[in-house]
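Reviewing the structure listed below.
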Amino acid sequence: MIRQFVTVLSISFLISTSDTPFATAGEADVVKVGVAAEGGGAYRFRVTVRHNDEGWKHYADAWEVIGKDGTIYATRVLAHPHEDEQPFTRNKSGIQIPDGITTVIIRAHDKVHAYGGKTIEVKLPGR
């Protein structure tokens, strides 16, 4: 019993002191999406992301518009941390979505966790 306790304590210590800096910010979540048709199969997306940015080594650095099959239709690169602006909203226009696609998924990316936070599925207007 004491041996198990020491093992668990040792593992806990290793995890808490491991080389996984900036892990406290969590994953980037998409919290709101607006989408408008621009014509010719193009759309404009207005995406709000929440992430506890911790400087240049751990911040939300992109959001994507993807199909249910995983096809990436667009990536909006976020060029800097937003430590003092949470949540934050950024736009991207001219995103071409093929005919026949009626819904897309918006996901966010951060420098440490990649993808995994909250996503939002949206119906494309006019489809």
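The values are calculated or read from the model by the stated rules, or taken from the named source; none is laboratory data. Note that the structure is predicted; figures quoted are calculated from it, not measured. Please note: Cβ atoms are built from the backbone with ideal geometry, for glycine as well, and neighbour counts cover all protein chains shown.
The set of residues in the stretch 81-110 that are of a type in the set (Lys, Arg) and touching a residue at least 60 places away in the same chain (Cβ under 8 Å) contains only 107. Within the stretch 114-123, being buried (at least 17 other Cβ atoms within 10 Å of the Cβ) and assigned to a strand (DSSP E or B) holds for one residue alone: 122.
Scanning the stretch 42-65 for residues that are at pLDDT 95 or above and either in contact with a helix residue (DSSP H, G or I) (Cβ under 9 Å, 6 or more places away or on another chain) or surrounded by fewer than 18 Cβ atoms within 10 Å (Cβ to Cβ) (or both) turns up 42, 44, 46. Only one of the numbered conditions (1) buried (at least 19 other Cβ atoms within 10 Å of the Cβ); (2) in contact (Cβ under 8 Å) with a residue 40 or more places away in the chain; (3) not aromatic (Phe, Trp, Tyr) is not met by residue 78, and that is (2).
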